[in-house]
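Structure record follows, encoded as structure tokens.
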């Protein structure tokens, strides 16, 4: 998002936060409108800038119809939220034809009307199902993951665009992949998957359509998180926090801090941060360490800046979003680092992958050795977190690199307890080892950026050799 968009959303959030009646429904319409406003427009397939947000709304409503218990799926209670969503879609589709409003074209209005008719009909049918359909839930979850893999895989997306361009008798535009930038899909998919898994486990609270839509496409956290939990979010939606002087000061502080991190520090660091060209041209190991360290700090300030903006904007609406960063670069080991970096994402994977896999391995009739289970769970979890960023070899290697690092650190911690003395009564020695751990953890994270920042494993390997002075 641009600086102007962020400031405009903060002002509108403050106004919306003053509402006490009809708040959930107003937030539905506003959040739906925002995801059209901030969706990037690709030159090759500009209509996707209309259809990606529309599909986001469709998927969200269908997810609610599948996960809500029967008593919460009454159309009589939920038709106002559905009407607001349809109204926003129709408004954007019609407004795109007006020369004074810069909205992406939706294509034929007849096709829009047909899509809306199918959407409303399907939603009504699902809402009237007499009982939960576990097959539909599982199929829906698999479909979300399949779309995720397609969008995150450069090979699949570029192959599809090439085929479409050939069918239209054109050559593929080098920037055409922007058309497949379905903004916010990663966070939308993970929020919905959370509700599906909790519904399958029988712990998902009953919510209205308006509450569910507000949770999934909540505009302050739509593009960069944090990933909230439905039960916590709905509690504050139903009972908004009263805005006091401290809340206004907190919101203003987080917004100012986020803008400073994102548009000042991160943008300055981008000029000296690692990329394919800069790494190829950098010769000395010392300079290359500086380039990758700059990239590490850039990622942190960029991402934590967006988190600060989201938390500050949400506070203006009466929400306390969960924190996503807790001084990760000051942590003395990798375990503490990953408990402080993008915390809501790591907690999501811990709840829905790591813990179930760990329980399954431990409850097996012939359980594996403890070290083997630790290796499998940590490497597989970090591999999935790597692939969450993109389905490429480099992101996979980045995840494996951190999974192995966590395993080694876990084994070292267990061994060190036997032969290292208790440092609780020796503050100088404890401080020394803490500083040493912080330096080693940051260095390991920075080494991993050789996979995260670069495009191919070959280039990453060359960079790692250069970092250690091997030409």
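Being at pLDDT 90 or above, assigned to a helix (DSSP H, G or I) and loosely packed, with under 14 Cβ neighbours inside 10 Å: is that true of residue 252 here? When the stated conditions are applied, residue 252 does not pass them. Inspect the range 276-288 for any residue being assigned to a helix (DSSP H, G or I) and under 22 Å from the mean Cα position of the chain (by Cα) and give the result as yes or no. No, the range 276-288 contains no residue that is assigned to a helix (DSSP H, G or I) and under 22 Å from the mean Cα position of the chain (by Cα). Inspection of the range 404-415 identifies no residue that is at pLDDT 95 or above and under 18 Å from residue 294 (Cβ atoms).
Residues in the range 72-85 that are more than 19 Å from residue 117 (Cβ to Cβ) and surrounded by 17 or more Cβ atoms within 10 Å (Cβ to Cβ): 72, 73. Exactly one condition in (1) crowded, with 19+ Cβ neighbours inside 10 Å; (2) within 21 Å of the chain's Cα centre (by Cα); (3) within 30 Å of residue 459 (Cα to Cα) is not met by residue 312; state its number. Going through (1) crowded, with 19+ Cβ neighbours inside 10 Å; (2) within 21 Å of the chain's Cα centre (by Cα); (3) within 30 Å of residue 459 (Cα to Cα) one by one, residue 312 breaks only (3).
Counting residues in the range 447-465 that are farther than 21 Å from residue 295 by Cβ and surrounded by fewer than 16 Cβ atoms within 10 Å (Cβ to Cβ) gives zero.
Hey, any hits in the range 321-338 for a residue that's within 21 Å of the chain's Cα centre (by Cα), closer than 17 Å to residue 9 by Cα and not in a helix (DSSP H, G or I)? Taking every residue of the range 321-338 in turn, at least one turns out to be within 21 Å of the chain's Cα centre (by Cα), closer than 17 Å to residue 9 by Cα and not in a helix (DSSP H, G or I).
Which residue out of 116, 109, 156 is at pLDDT 75 or above, surrounded by 12 or more Cβ atoms within 10 Å (Cβ to Cβ) and under 25 Å from the mean Cα position of the chain (by Cα)?
Just one listed residue meets the conditions, 156.
Counting the residues of the range 16-38 that are surrounded by fewer than 21 Cβ atoms within 10 Å (Cβ to Cβ), touching a helix residue (DSSP H, G or I) at 6+ places or on another chain (Cβ under 9 Å) and farther than 18 Å from residue 208 by Cα gives 5. Looking at 241, 345, just one residue is closer than 30 Å to residue 193 by Cβ and either touching a strand residue (DSSP E or B) at 6+ places or on another chain (Cβ under 6 Å) or surrounded by fewer than 19 Cβ atoms within 10 Å (Cβ to Cβ) (or both), and that residue is 241. The residue of the range 119-137 that is farthest from residue 68 (Cα to Cα), among those that are part of a helix (DSSP H, G or I) and in contact (Cβ under 8 Å) with a residue 60 or more places away in the chain, is 119. Candidates in the range 46-71 are the residues that are farther than 16 Å from residue 192 by Cα and surrounded by fewer than 19 Cβ atoms within 10 Å (Cβ to Cβ); of these, the one that is modelled with the lowest pLDDT is 46. Kindly establish whether residue 385 is in contact (Cβ under 8 Å) with a residue 24 or more places away in the chain and either touching a helix residue (DSSP H, G or I) at 6+ places or on another chain (Cβ under 8 Å) or surrounded by fewer than 17 Cβ atoms within 10 Å (Cβ to Cβ) (or both). Against the criterion (in contact (Cβ under 8 Å) with a residue 24 or more places away in the chain and either touching a helix residue (DSSP H, G or I) at 6+ places or on another chain (Cβ under 8 Å) or surrounded by fewer than 17 Cβ atoms within 10 Å (Cβ to Cβ) (or both)), residue 385 qualifies.
The values are calculated or read from the model by the stated rules, or taken from the named source; none is laboratory data. The shown structure was predicted, so the numbers you read here are calculated from the model rather than taken from an experiment. A quick note on method: Cβ atoms are made from the backbone with ideal geometry, for glycine too, and the neighbour counts reach across all protein chains shown.
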